[in-house]
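First comes the structure, then the notes that go with it.
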Amino acid sequence: MILPSIILVVLITLWPVAQSFYNSLFDYRLNDPTRSERMLSANMDLERYVDNYFYIDSQLSNLEGSADGDDIATIQQARETIEGFHSELASDSEINAKMEQIDEMLMNFQPISDSDLKYAKLDNDFAEDYRTALNSISEELQVMAGEADNEDLAQNYEQTSSLIEATSTNILESNFIGFSNYAKYLQDGRMWKSLSNTMIFTIASVAFELVLGLAVALLINRTFSGRGIVRASVLIPWAIPTAVGAMMWGFLLDGQTGVIAHYFNEWNLIPNSSWLLSTSSGGMFSIIFADVWKTTPYMALLLLAGLQTIPNSLYEASDVDGANKFQQFFKITLPLLKSSILVALLFRTLDAFRVFDLIYVLTGGGPANATESISIYAYITLFSQQNFGEGSVLSVIVFLAVALISFIYVRLIGSDLFAGRTK
């Protein structure tokens, strides 16, 4: 009966996490052609190699005809070396078939979009030897360019040297680095700072939302005229999209035109009107303030549901026994509301720890990364820098932190919630 649920959890939650973990074991960067694929062994970019080899062969032939003395022998030796490695490469029937197909497509100006066709696995030793040979030939041609008396010949030497050096980069080393990315981020001050910012934001916002949400829930749980309208109006902040709310608060807290910033300054609640969005402490206060405004109604809604499950007869009995309102709150309301508080805290803590859109729109993680959360840091690394290896490390860290928070809530705070329900 639970098999469908298990399959959904694996596909929707665990599989993406597993993929992120696998990516984190590679130096995987989309903005670097030599690291744009996950490679457990050496590979060759056949598209670039085939294209470059055609011109290398042509240029070396031209240099043989225009060079003189010892340079001719050096060029002939270089050409034989490259042809030898190329012949050994082409001796693999699968690679040779790929190169022929790519050569035909290049002649017809067709793009190579199939990664299986574009890349070929190589023996690590062969790849290292070929790369070393190409770099050595490139250096020799640079030396010959510096010693050439003819300016045109020197320029041809340099062009051929640059082409051969570029071809060496088509032989891609394995970018599997194991847990090196994790070791790097354990020593990364920015990561610990973003994690600290996230923890401060989570603890402060959830604490204020719990207190205010409980107060609002107790208020709207009472019977009074217009209660339906009040309940609906309380939920308006929560119903506003987070990005829209963050942009709105950005205008309100702006140091030059913001109404809230102006009155906070007039009432001496802040040092100056620009403090809210231009300083580290002001930026953290601003994102917490905006999040409390938006999410307190959600907390109140969850707690209101819990309050309505408490039988009114308990309060009537306590009135007969002479209990006052404070005694009723601490002896009846809080104990019976514990399960609802646990659920509300769990949902809000996990949601607050993964905060992204509010901070991204309101402060962008600034000033000077003072409000940067771990999710924003992961986004910048993954998408702005296109570093999928290191960005995946941050994603895994977020997952582990969320899993730890869930474990703490369930095991330490909510152990009695599940007591007697499992064997």
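The values are calculated or read from the model by the stated rules, or taken from the named source; none is laboratory data. These figures come from a predicted structure and were not determined experimentally. Note: ideal-geometry Cβ built from the backbone for every residue, glycine included; neighbour counts use all protein chains shown. In case anyone asks, the SASA skips ligands and DNA or RNA and just uses the protein heavy atoms, side chains included. Shrake-Rupley method; radii C 1.70, N 1.55, O 1.52, S 1.80 Å.
Structural remarks
- Placing dummy labels 7 Å off each Cα toward the beta-carbon, the span from ILE72 to GLU165 is 2.8 nm.
- Peptides ranked, highest mean first, by Cβ atoms within 10 Å: ranges 199-206, 103-110, 326-333: 199-206, 326-333, 103-110
- Ellipsoid equivalent to the chain - semi-axes via the Cα gyration tensor, in Å: 66, 27, 17
- Here the peptides 352-364, 229-241 are ranked by packing, the mean other Cβ count within 10 Å, and the order with the highest first is 352-364, 229-241.
- Charges were assigned to the Cβ only: +1 to each Lys and Arg, -1 to each Asp and Glu. The resulting dipole of the chain about its Cα centre is roughly 5180 debye.
- At a probe radius of 1.4 angstrom, the accessible area of region 314-406 per residue rounds to 46 square angstrom.
- Residue-by-residue Karplus 3J(HN,Hα) for region 18-24, coefficients 6.51, -1.76, 1.60, Hz, glycine and proline x: 4, 5, 5, 5, 5, 4, 5
- The Kirkwood hydrodynamic radius of region 330-412, based on inverse pair distances between different Cα atoms, is 14.6 Å.
- On Cα atoms only, tilt of 124-147 relative to the major axis of the chain in degrees: 60 degrees
- A Förster distance of 51 Å, applied to the separation of the beta-carbon atoms of VAL10 and GLU83, puts the FRET efficiency at 0.50.
- Computed from label points 7 Å out along Cα-Cβ, the spacing between ASN31 and GLN155 is 3.4 nm.
- Solvent-accessible area assigned to carbon and sulfur over region 210-338 amounts to 66 percent, based on a 1.4 Å probe.
- Label point distance in nm, ALA215-ASN135, each placed 7 Å from Cα along Cα→Cβ: 6.6 nm
- Paramagnetic label reach from ASP188 (point 7 Å along Cα→Cβ; backbone nitrogen cut-off under 13 Å): within region 7-28, residues 24-28.
- Among 29-36, 389-396, sorting by the average number of other beta carbon atoms lying within 10 angstrom of each residue, highest first, gives 389-396, 29-36.
- Amide H contacts under 5 Å for LEU172: ASN43, MET44, ASP45, restricted to partners 5 or more places along the chain or on a different chain, H placed in the peptide plane at 1.01 Å from N.
- With R₀ fixed at 30 Å, the C-beta to C-beta distance from VAL230 to LEU269 puts the FRET efficiency at about 0.65.
- Computed FRET value (nearest 0.05) for LEU404 with GLU104, which takes r as the C-beta separation and R₀ as 60 Å: 0.60
- In the chain, the calculated helix contribution to ellipticity at 222 nm averages -21500 deg cm²/dmol per residue, counting -39,500 (n - 2.57) for every DSSP H run with n ≥ 4.
- Near SER274, no amide H atom lies under 5 Å from its own; only residues 5 or more places off or on other chains count, and H is placed 1.01 Å from N.
- Region 275-423 shape via C-alpha gyration tensor axes, a/c threshold 1.5: oblate
- For region 272-310 versus region 78-110, the gap between their alpha-carbon centres in whole angstrom: 63 Å
- Each residue was assigned an accessible area with a 1.4 Å probe, and for ARG411 the value is about 150 Å².
- Karplus-derived 3J(HN,Hα) values for region 342-352, using 6.51 cos²θ - 1.76 cosθ + 1.60 with θ = phi - 60°, are 4, 5, 5, 5, 4, 4, 6, 5, 5, 5, 5 Hz; glycine and proline are entered as x.
- Here the Karplus curve 6.51 cos²θ - 1.76 cosθ + 1.60, taken at θ = phi - 60°, turns the phi angles of region 34-50 into couplings of 7, 10, 7, 10, 7, 10, 7, 9, 5, 9, 10, 7, 5, 4, 6, 5, 4 Hz, with x standing for Gly and Pro.
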